[in-house]
Amino acid sequence: MYSLTPGFRLPGIQRALSPAETVMTKVNAGAGAALMASVSLGQSPPGWAFTAIAGIGGLINFAPGQRSIGRWAAVGARYLRERAATPDLATSQGATMTWTLYPHHGTMQDPYMRERWHVGFARALDYVAAQSRSAGLQVLVTHHAEVGESTAHTQTISVHIPKTVATRPDRALSAIERELSRLGALTEVTPDPAPALCERSTAWVALEDGRYASTARITGWPAETGGDLMANLLLDQHRPLRARQHKNRSLAVLYRPLPRVQARRSAKFGRALGDAANTDAVKQDAHTENSNTVHTALVQGATLVDVDAYLTVWGDSPESVEEARHAAYLDADEHRISLDWLSGQQHRAHVMTSPHAAASRKGAIL
């Protein structure tokens, strides 16, 4: 089972670092290792080296709010660059395929069949990771549900292979399609172009098709859900029919499975960093439990997966979007979900709940 809770990936990977932060993180780690090696060999490093590493470490790790100082700087620079025009997130070169995916009838209603389906999906992610020697393959699952007098529910799955990641992307996509076909009815589709923006605000955007949207990034959800979170959050199946309210929501989960070698390396460094950084005994025990779970999964042939999730609420006016956001807050609290509404980034956030987000750049949403 894959979730947004820490333990299945490095914290830096989970936060989707920007390229600048990735470089600073590598410099910080490399310089720190060099200093440790020089100290162990009895050579005293220069004083400016300690100052530089301390400054870089503070820039990356010190967080006055939800983001570190380096991340705030990256957000500000990107906002200034994108203030005049909305960027096209799906600009990554490579091969992309999209299918509609519907599990067989009764799969999600039966708890045993649902658990088997989730195991099969996890096995499919492991298979996707094995198609490349380097990280970069992206699997995006989108769900769109409109609940009213009748319920309309569509879901797609998209796979994107960036250029230079796989030597023969067409063959890899065909192999992945065979693997995904075991999960249910799989039909290849061509998604419609993402609608353009007509008006934007810090909390919502107006699209050319007359809809208003507001998107949040899911920063945390419960580790144990029974596998029915999607049905309860989008379709209100846990409520009586008369108590269901009209809702129009989209939810997307973006998976980036790591190859087997990189998954083991990430688990090794993640465990070492967690043991070195944690001084709280309770946190150490929790990290040890997560590390043991990851170790067991790797021994059984699984791979680590970097997960991002987004929730979009739709309306026909700014007021209706605000009401939908309030309802989403209540549902998120009920299901123990944490939401970050990405203030100031709504002009591009809504793309993440469309099939086009499969080709989006890593760290596009900060």
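Residues within the reach of a label modelled at residue 174 (point 7 angstrom out along Cα to beta-carbon, backbone nitrogen below 20 Å), restricted to segment 118-146, are 127-133.
Normalising the average separation of contacting C-alpha pairs (under 8 angstrom, six or more residues apart) by the number of residues puts the relative contact order of segment 99-220 at 28 percent. The stretch between residue 190 and residue 272 holds 25.1 nm of extra length on full extension. This uses 0.36 nm per residue minus the Cα-Cα distance. The shape of segment 302-363 comes out oblate: with a ≥ b ≥ c from the C-alpha gyration tensor, a/c is at least 1.5 while a/b does not beat b/c.
Taking the Cα centroid of segment 269-347 and of segment 181-195, what is the distance between the two, rounded to the nearest whole Å? Here the two parts' Cα centres lie 26 Å apart. Computed FRET efficiency, Cβ-Cβ of residue 327 and residue 261, R0 51 Å: what is it to the nearest 0.05? My answer for the efficiency is 0.70.
Inter-label distance, residue 69 to residue 163: 3.8 nm, where each label sits 7 Å from its Cα along the C-beta direction.
What FRET efficiency comes out for residue 115 versus residue 334 if R0 is 25 angstrom and r is the Cβ-Cβ distance? Round to the nearest 0.05. Efficiency computed from Cβ-Cβ geometry: 0.65.
Every number here is computed from the coordinates shown, using simple stated rules; none is lab data. Everything quoted here is computed from the prediction, not taken from an experiment. Positions of Cβ are backbone-derived with ideal geometry, glycine not excepted, and every protein chain shown enters the neighbour counts.
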